[in-house]
Every structure is written in C-alpha cells, then in structure tokens.
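Okay, structure first, notes after.
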Amino acid sequence: MSCIKATYLLEKEKFTPLSLFEKLRKMWHLLICHWCRKYKSDSAVIDQWLAAAERASHKIKLSAQEEKRLREILKL
Ligand SMILES: [Zn+2]
C-alpha cells in the first residue's frame, strides 16, 4: 500500500469505521513505514489543537512551544 492510501485510511477512520481488510492493511503499513507513523502522531496533535481552538470559540491561542511544534510540522 502506498503512503497516500495509508494516510487516507488514517483520516477516514476518524469519521467512519474501517473494514477489517482496511484495518489490517493500515496496521501493516504503519509497522513498516516511519513516515506514516509520524504523520499519524502529528495529525493527532493538530486535531487536538483544532478541537481546543473550536472549544475556545474559534480563537486559536497557542503557547510558544505549541506554535514552534506546529511550525515544525507544517515546515514553516
Ligand atoms: Zn507510509
């Protein structure tokens, strides 16, 4: 499976359950692919920040450390 397909499945499972076949393919890919494991980790951090921002009436207030981490993830 390609990294594009693996990251698609990582995002898809946030909204709908994966089939058993999709779960197995995703798990196998994550075992062998460092980049998709990093994508999964970074994506979870960004999702948490976005959820916190939404709870704070759409006002994004990141600490300096959070902003630095977000810039690293986004390669800014
Ligand atoms: Zn990958």
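The table below lists the values:
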item: Selection count where residues are hydrophobic (A, V, I, L, M, F, W, C), in contact with a helix residue (DSSP H, G or I) (Cβ under 8 Å, 6 or more places away or on another chain) and modelled with pLDDT of 85 or more, scope the stretch 40-60; result: 3
item: Conditions (1) touching a helix residue (DSSP H, G or I) at 6+ places or on another chain (Cβ under 6 Å); (2) assigned to a helix (DSSP H, G or I); (3) within 16 Å of the ligand (Cβ to nearest atom); number of the one not met by residue 1; result: (2)
item: Qualifying positions in the stretch 14-51 - closer than 29 Å to residue 67 by Cα, surrounded by 12 or more Cβ atoms within 10 Å (Cβ to Cβ) and within 15 Å of the ligand (Cβ to nearest atom); result: 30, 33, 36, 37, 39, 40, 42, 43
item: Residues satisfying the stated conditions in the stretch 26-60, i.e. part of a helix (DSSP H, G or I) and polar (S, T, N, Q); result: 41, 43, 48
item: Residue match in the stretch 61-74 (condition: in a loop (DSSP other than H, G, I, E, B) and within 15 Å of the ligand (Cβ to nearest atom)); result: no
item: Yes/no for residue 55 being among the basic types (Lys, Arg) and surrounded by 12 or more Cβ atoms within 10 Å (Cβ to Cβ); result: no
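The values are calculated or read from the model by the stated rules, or taken from the named source; none is laboratory data. Everything numeric in this text was worked out from a predicted model, so none of it was measured. Virtual Cβ from ideal backbone geometry, glycine too; neighbours counted across all protein chains shown.
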